[in-house]
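Trainee: Pasting in a structure now, in structure tokens, and then I'll have a few things to ask.
The values are calculated or read from the model by the stated rules, or taken from the named source; none is laboratory data. All values reported here derive from a predicted model rather than from experimental measurement. Don't worry about glycine lacking a Cβ; one is built from the backbone with ideal geometry, like all the others, and counts go over all protein chains shown. These accessible areas exclude ligands, DNA and RNA; they are computed on the full protein's heavy atoms, side chains included. Shrake-Rupley method; radii C 1.70, N 1.55, O 1.52, S 1.80 Å.
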Amino acid sequence: MSFSKKTTVLIVDDSALIRQMFSEMLGSQPDIEVLGTACDPLDAREKIKQLNPDVLTLDIEMPKMDGLSFLEKIMSLRPMPVIMASTLTQKGADATIRALEIGAFDYVSKP
């Protein structure tokens, strides 16, 4: 009998509703475990150290530090898979390209 390790995720978004939606959506997948959520990059930094997630979901527009700046820090200090999420539309095209250049591997538009 073998047990495969679940992919662990930390959800980073300043919207409580989005954090809840992502937690429910991802948590319902049998191969994903949501370790926790963070409301901004400073909170996320501490939770990454504590929880050591495999993957991060990251909002672009947040208080204290924007998601792209935080993504740059993550990729230089602790590279990991990051899925960017944003409500940005037309002007978000530049942000999308920048996120992919920095190292995000996917980009989703929030509902």
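Trainee: Summarise the accessible area of the chain (1.4 Å probe, protein heavy atoms) by the percent that is carbon and sulfur.
Mentor: 55
Trainee: Springs between alpha-carbon atoms under 10 Å, Gaussian network over the chain: tell me which of 56, 71, 100 tops the mean-square fluctuations.
Mentor: The residue that fluctuates most here is 100.
Trainee: Label-point separation (nm) for residue 72 and residue 8, each offset 7 Å from Cα along Cα-to-Cβ?
Mentor: Those two pseudo-labels are separated by 2.9 nm.
Trainee: At a threshold of 8 angstrom on Cα-Cα distance, excluding pairs fewer than six apart, so keeping six or more, what relative contact order does the chain reach in percent?
Mentor: 24
Trainee: Using a simple charge model, +1 on the beta-carbon of Lys and Arg, -1 on the beta-carbon of Asp and Glu, nothing else, what dipole does the chain show about its Cα centre, in debye to the nearest 20?
Mentor: 240
Trainee: How much of the pair distance distribution for the range 1-100 lies past 23 Å, counting alpha-carbon pairs only, in percent?
Mentor: 23
Trainee: How much FRET efficiency would the formula 1/(1 + (r/R0)^6) give for residue 100 and residue 64, where r is the Cβ-Cβ distance and R0 is 22 Å, rounded to 0.05?
Mentor: After rounding to 0.05, the efficiency reads 0.40.
Trainee: Then there is this: For the chain, modelled as a GNM with alpha-carbon contacts under 10 angstrom, which of 46, 33, 72 fluctuates the most?
Mentor: Residue with maximal mean-square fluctuation among 46, 33, 72: 46.
Trainee: For residue 83, enumerate residues with amide H under 5 Å from its amide H, sequence gap 5+ or separate chain, H modeled in the peptide plane.
Mentor: 56, 57, 58
Trainee: Per residue, how much accessible area does the chain have with a 1.4 Å probe, in Å²?
Mentor: I get 58 Å² per residue for the chain.
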